[in-house]
Amino acid sequence: MKEKISRKAEEIKDALREFRRDLHQNPELSFEEFRTANKIAQALTQIGLEVQTGVGKTGVVGLLRGRSGNKTIGLRGDMDALPVEELNQVPYASRKKGVMHACGHDGHSTIILGAAMVLHSLRAEIPGSVKFIFQPGEESGGKGARGMIEDGVLKNPDVSAILGVHMWPAPIRLGQIGLNYGPSMAASDSIYLKIKGQGGHAAMPHMTIDPIVIAAQIINMIQLIASRMTDPLDPVVVSIGLIKGGTRRNIIANEVELEGTVRTLLPETRIKVKEKIEKIVKGVAEALEGGYELNYVMGVAPTINEPGLTRLVEEAAQEILGEDQVLRLQHPHMTGEDFGALCETIPGTFIKVGVYSPEKGHVHVLHSPRFDFDEEALVTGVKTVAYAAVKYLSRAHSE
Ligand SMILES: [Zn+2]
Ligand SMILES: [Zn+2]
């Protein structure tokens, strides 16, 4: 089986490259993936799968019913691009001004489609079913995965485990994959805070309530959450990215607006940090006699890799790629990924597919206007997910 999957994945390399480059040239923002979804649905139909469109708005699902067995594994790739102006000068650069596949989602969709091609050609030997999930709106703060779950993507037939893929720059080299045991990507929550004071003359501060001073205290205090209120070995990031208030140097503002992001890895820490922020805002505002409106938005859940499934993927990747091509990553990443919503619902694991290649000039980080990768990575991804899916279904079948 391993040899057959490897051979087939190598055979379709040109088709994968062409498919990815077409998506790359025609990027679409979150929930506007109409052309992309259409192209994927057509390709899945052509392969011979049962296809469902409009799942979670613009999502697409292909179902491969295997020979026997009653388990179904899900393979998930996302489809949306970012509002980034591409700076790469390559023949397949984005043709759409200000929109770019800077997070590699063109690669993810292509890997999952490639796995569908490979597994369909071997369908008589697959002991279970595979759902190929093409998710929209990953860059929209969690709405993409949630929309698909609400539309029943994990039901009928019920999906019992899910694998996700993401192109990954350093330290994972082209040809390698990386896996985290436990947390892989952070939860990403948002702070929207309005502080209400009482404006007046800056030379008579005692006659005013200064929301800028209140904001400054709050910004400093919430930094103490990471340094004094949570375990130093349990990462927490609290960043205020926007502050808006005031009109002139000698006028005390009436109101200040703040926006920020909070990243955590563990569900219990996520709740704790939220409570601490609420407490600090309330306490500081009250002490300094200001008012406030806090809108704390729980965004993307942390992506936590289920250890048993991760071990299975690790073994599969070692067998099909070679042992030295599989990295056990020491640290998770504090970026958010809405695969978290899927692996919060059923056991899942997130596979980071290496693209780092200084030789080819592929050294740029995700979301960079220069991010790019060699399509050899797609073959690596297809081999890994296709073989891991078969291994999972075979194991489930023999239990
Ligand atoms: Zn991204
Ligand atoms: Zn991404």
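What's the ranking of 185-191, 263-269, 125-131 by average number of surrounding C-beta atoms within 10 Å, highest first?
Ranking, from highest mean packing down: 185-191, 125-131, 263-269.
Sorted largest first, the principal axis extents computed over the alpha-carbon atoms of the stretch 1-99 equal 48, 32, 20 Å. The angle between the Cα long axis of helix 307-321 and the main principal axis of the chain comes to about 50°, on a 0 to 90 degree scale.
Compared with the dominant Cα axis of the chain, that is its longest principal axis, helix 34-47 is turned about 20°.
Cross-link pairs exceeding 25 Å between alpha carbons, from the set Lys196/Lys279; Lys4/Lys360; Lys196/Lys274; Lys39/Lys131: Lys4/Lys360.
The residue among Leu63, Ser184, Pro211 whose Cα reaches farthest toward the positive pole of the charge dipole of the chain, with charges on the beta-carbon of Lys, Arg, Asp and Glu, is Leu63. Across q = 0.10, 0.15, 0.23 Å⁻¹, the stretch 198-289 modelled as identical point scatterers on its alpha-carbon atoms has Debye log10 I(q)/I(0) values of -0.32, -0.63, -1.11, in the order of the q list.
May I ask what percent, to the nearest 5, of DSSP beta bridges between residues of the chain are antiparallel?
So the antiparallel bridges amount to about 65 percent of the total.
Between the residues Leu163, Ser6, Thr264, the greatest Cα displacement towards the positive end of the dipole of the chain, with unit charges on the Cβ of Lys, Arg, Asp and Glu, is found for Ser6. Calculated accessible area for the chain comes out at 43 Å² per residue, all protein chains present (probe 1.4 Å; ligands, DNA, RNA ignored). Here the accessible area is traced with a 1.4 Å probe on the protein chains. For the chain, carbon and sulfur cover 50 percent of it.
Pairs of Cα atoms nearer than 8 Å and 6+ residues apart set the relative contact order; for the stretch 198-289 it is 35 percent. What translational D, rounded to a whole number of µm²/s, comes out for the chain from Stokes-Einstein when the hydrodynamic radius is the Kirkwood one over Cα pairs, at 25 °C and 0.890 mPa s? Answer, rounded: 110 µm²/s.
Express the relative contact order of the chain as a whole percentage, based on alpha carbon pairs under 8 Å and six or more residues apart in sequence. Walk me through the numbers before you get to the answer.
On the way: 960 pairs, mean separation 97.5, N = 399.
Computed value for the chain: 24 percent relative contact order.
A simple spin-label model places pseudo-atoms 7 Å from Cα toward Cβ; at Asn38 and Lys2 they are separated by 4.3 nm. Of the peptides 195-205, 370-380, the ranking by mean beta-carbon count within 10 Å, highest at the top, reads 370-380, 195-205. A simple charge model with +1 on the Cβ of Lys and Arg, -1 on the Cβ of Asp and Glu and nothing else charged puts the dipole of the chain at about 220 debye relative to its Cα centre. In this structure Phe34 has an accessible area near 130 Å², from a 1.4 Å probe over the protein heavy atoms.
The values are calculated or read from the model by the stated rules, or taken from the named source; none is laboratory data. Keep in mind the model is a prediction, meaning the values are calculated, not measured. Positions of Cβ are generated from backbone atoms using ideal geometry, with glycine treated the same way; all protein chains shown enter the neighbour counts. Accessible surface areas use protein heavy atoms only, side chains included; no ligands, DNA or RNA. Shrake-Rupley method; radii C 1.70, N 1.55, O 1.52, S 1.80 Å.
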